[in-house]
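A short write-up of the structure that comes next.
Just so you know, all these numbers are worked out from the coordinates, no wet-lab data involved. All values reported here derive from a predicted model rather than from experimental measurement. Cβ placement follows ideal geometry from the backbone for every residue including glycine, while neighbour counts extend to all protein chains displayed.
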Amino acid sequence: MNAQAIPIPDPKKGGPISQQVALKIGSVFAIALVLLIPLSMIQSTLEERLSRRNEAVADITSSWGKEQVLVGPILVIPYRHTYKSFKDTVIKGEIKKTEVLETATARAWFLPDELKVEGDIQPEKLHRGIYEAVVYRGRLKLSGHFSPPDFQALKIDGTQVLWDDAVVAVGVTDLRGTGEALQIFFGDKPFRMAPGTGLDGLAMGVRAPIGSLSKSLLGRPFSLDMGFKGSGGINFAPVGIQNSIKLGSPWPDPSFKGQFLPAERSVTPQGFNALWKVSYYGRSYPQSSGAGYPSEQVQGSLFGVSFYNAVDSYRKVERAIKYGILFLTLVFAVFFLFETLASLRIHPVQYVLVGAAMCLFYLALLSLSEFMSFGGSYFVACAAAILVITLYSRAVLHSGAKTLVIGAELCAIYGFLYVALQLQDYSLLLGTVGLFAVLSAIMYATRDLDWYNLEVR
């Protein structure tokens, strides 16, 4: 009986995917994962530089002035009131609780019927080493009027009101930038303001004693003109029944924030103008009270504008790093397709070197962005990465045409990234469209491949 020869299959052909192809896919995938380590190290470096920047900014603003919050003016009038208490009294050798009446002093506060604020804010940049902070000088003019205080509505005995101790208080977060003595006018009569508001919960600010004038404020409009310095932004509280706040500034990129947005605004590269019109219906505290000052409720009703950069260079670099693994995958995919579709063999070390050059792009972008504009630093880092990888690909691929494909892909990738970083609101949409385009191109290029009989040549 003749023995029949059993054919031995070629390990490079047939079967599902050939062993070499499977090994190559696994090695390329592993290299991409390993390159996440230098990307994470660059991310850590970014966080450390960002922390140092924040410390420098905090140091600058602590000397210049904090973010300003303006609350008021508020009419504050003390009054006496009696209350019952129980004290231990010795009666015939026994300790008994006896009811006594005691007198204490409290403060009633009243908010204005109308508040108008007109302001001009002039931002500027201060530097500490290579870092900068946005600060500003400003001038505000407050005007409006109060109604005569109604203690009867608060169920307070009018005979116990200490009219001579009445003050008008204005809360201001940081008064170090006020380089002049402040005066508030009622009609044409000035009242000099002193530090402190006299209200618990509103420690920072100024106050002016107005005495018995507080009995008849009807028909006496107030006005206050004040200069100040601050940083970051400025906020207001809607203390009036009707509030009108109008601000102008040459800052081209304002960020309106808080519980109320401007009713009218105009933002151009030369600056912005904004007008808020707010009534007291949008807040949770009353117009007057004989109890304590509602600090939490007032804090929750603030609104205003910030002068921070919407997305600074560090934030843009951070967003760029998030695309790192995607771009590594796209470039590696092109190299792998060259191996699959042409007679080429690319060593894993060459994949590593190309990936390392792409990682260095982010480090170069981070370091350059601390000394020049983000656009300029992006162009320099991008040109360096494209030049290095393209020249290296010429030696690896041994083909000018294939090298041009790699160079064009890199230009498209980095151009796509720059546009995505600039279009903050539409970056997700742009990224989705870009991924569909890349996937469609790969599917088109590999449409005729028989992946079950694939061989690396």
From the phi of every residue in segment 207-216, what ³J(HN,Hα) in whole Hz does the Karplus formula 6.51 cos²θ - 1.76 cosθ + 1.60 yield, where θ is phi - 60° and glycine or proline is x? 8, 9, x, 10, x, 6, 4, 5, 5, 9
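Are there any chymotrypsin sites (Phe, Trp or Tyr not before Pro) in segment 346-375 that are in a DSSP loop and have at most 11 other Cβ atoms within 10 Å? List them by number.
Within segment 346-375, the qualifying chymotrypsin sites (Phe, Trp or Tyr not before Pro) (loop, at most 11 other Cβ atoms within 10 Å) are 371.
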With label points set 7 Å from each Cα along the Cα-to-Cβ direction at residue 37 and residue 441, the distance between them in nm comes to 3.1 nm
Through the Karplus equation 6.51 cos²θ - 1.76 cosθ + 1.60, θ set to phi - 60°, convert the phi angles of segment 186-194 into ³J(HN,Hα) values in whole Hz; use x for Gly and Pro. 10, x, 10, 9, x, 9, 6, 9, 10
How big is the equivalent ellipsoid of segment 67-306 along its three axes, where each semi-axis is √(5λ) from the Cα gyration tensor, reported in whole Å from largest to smallest? 40, 20, 17
Listed by chain and number, the residues whose amide H is under 5 Å from that of residue 260, excluding neighbours fewer than 5 places away on the same chain and using placed H, are 304
Under 5 Å between amide hydrogens, which residues at least 5 positions from residue 146 or on another chain qualify, with H placed 1.01 Å from N in the peptide plane? 113, 222
Set 229/316; 189/229; 322/402; 141/229, cut-off 18 Å on Cα-Cα distance; pairs above it are 229/316; 189/229; 322/402
Spelling it out for residue 289: with amide H atoms placed in the peptide plane at 1.01 Å from N, the residues 5 or more places away or on another chain with amide H under 5 Å from its amide H are 109
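Can you sort 316, 189 by how many other beta carbons sit within 10 Å, fewest first? If you can, show how the numbers build up before the last one.
On the way: 316 20, 189 11.
Ordered by Cβ neighbours within 10 Å, fewest first: 189, 316.
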Tell me whether segment 189-229 comes out rounded, prolate or oblate; compute the Cα gyration tensor, take square roots of the eigenvalues as a ≥ b ≥ c, and use a/c under 1.5 as the rounded threshold. oblate
At residue 163 and residue 398, where each label point lies 7 Å from the Cα along Cα→Cβ, what is the point-to-point distance in nanometres? 10.5 nm
By count of other Cβ within 10 Å, fewest leading, how are 193, 41 ordered? 41, 193
Positive-end residue, segment 67-306 charge dipole about Cα centroid, Cβ charges, pick of 187, 211, 160: 160
Packing-based exposure ordering (other Cβ within 10 Å, fewest first) of 42, 389: 42, 389
With x for Gly and Pro, the residue-by-residue ³J(HN,Hα) of segment 389-399, computed from phi through the Karplus equation 6.51 cos²θ - 1.76 cosθ + 1.60 at θ = phi - 60° and given in whole Hz, is 5, 5, 5, 5, 5, 4, 6, 7, 8, 6, 7
